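A.B. asks: The structure follows.
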Amino acid sequence: MIKIKAVEQKLMVGPKAGQYVYMLGAETYSSLVESKVIEEASLRSGIQKGALQAAFSAIGETIKAWATEGHSVPVPGLGTMRFSVNAKSVSDVNMVASSLITTRKIIFTPSTDVKKALKEAAISITCYDRNGNVVKRVNSSDSGGIEDPENPSGGEDAGAGDDLGQ
């Protein structure tokens with residue numbers, strides 16, 4: 001179940017400035033340490049922790065090396081990831097330089113199975129008033145639609161190039 005919180009907050013800007021609205025956001029989960037992930041994977045697979053640790057590290061280093069070379073790299077069981085940039089555009093080729101880059105980023109494209117798991121996951125929303133008191137709980141009844149900002153048409157990884165000029 002995906003836990004969402006809706007917190008009543010006063011808007012400070014925009015057409016509703018000064019009004020209180022409920023802002024939704026994902027509940028903050030704890031970050032798992034690598035050793036906990038290795039231990040769980042060992043239990044699920046029957047592979048010894050030392051062997052899994054070595055494989056886990058090797059896969060991470062391989063993904064990092066290939067992604068920095070410009071490849072879209074599979075992340076086992078999850079999808080693919082690649083590095084990209086946002087950059088300013090220029091009309092003169094002589095002005096092209098790395099200083100045009102405004103943001104370096106990682107683009108993750110989930111696999112069909114991960115998208116399906118997300119779509120099927122139940123949603124639980126807890127509403128908090130401006131004083132931090134729980135005022136309502138809501139369970140999902142939506143269609144489970146998934147927004148994919150990298151590919152609004154809904155297809156698989158349509159954007160294979162860099163995001164220069166966006």
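The values are calculated or read from the model by the stated rules, or taken from the named source; none is laboratory data. These figures come from a predicted structure and were not determined experimentally. No Cβ is skipped: glycine too gets one built from the backbone with ideal geometry, and neighbour counts run over all protein chains shown. Ligands, DNA and RNA are stripped out before the accessible areas are found, and what is left, the full protein with its side chains, is counted by its heavy atoms. Shrake-Rupley method; radii C 1.70, N 1.55, O 1.52, S 1.80 Å.
A.B. asks: What pairs come out if I take residues in the range 104-129 that are open to solvent by 40 Å² or more (accessible area, probe 1.4 Å) and pair them with residues that are among the acidic types (Asp, Glu) and in a strand (DSSP E or B) whose C-beta lies under 7 Å away, six or more apart or interchain?
C.D. replies: Cβ pairs passing all conditions: Tyr128/Glu8.
A.B. asks: Only residues in the range 1-26 that are open to solvent by 100 Å² or more (accessible area, probe 1.4 Å) count as the first member; pair them with residues that are of a type in the set (A, V, I, L, M), Cβ under 6 angstrom, at least 6 apart or cross-chain, and list the lot.
C.D. replies: Met1/Ala122; Tyr22/Ala6; Leu24/Ile4; Leu24/Ala6
A.B. asks: Give me a count of the residues in the range 100-116 that are of a type in the set (D, E, K, R) and either in contact with a Lys or Arg (Cβ under 8 Å, 6 or more places away or on another chain) or not in a strand (DSSP E or B) (or both).
C.D. replies: 3
Here is a yes/no grid of residues against (1) of a type in the set (Lys, Arg); (2) modelled with pLDDT under 95; (3) exposed (fewer than 11 other Cβ atoms within 10 Å of the Cβ); (4) out of contact with any Asp or Glu (no Cβ under 6 Å at 6 or more places or on another chain):
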position	(1), (2), (3), (4)
Thr28	no, yes, yes, yes
Val33	no, yes, yes, yes
Leu43	no, no, yes, yes
Gly60	no, yes, no, yes
Ile63	no, yes, no, yes
Ala67	no, yes, no, yes
Val73	no, no, no, yes
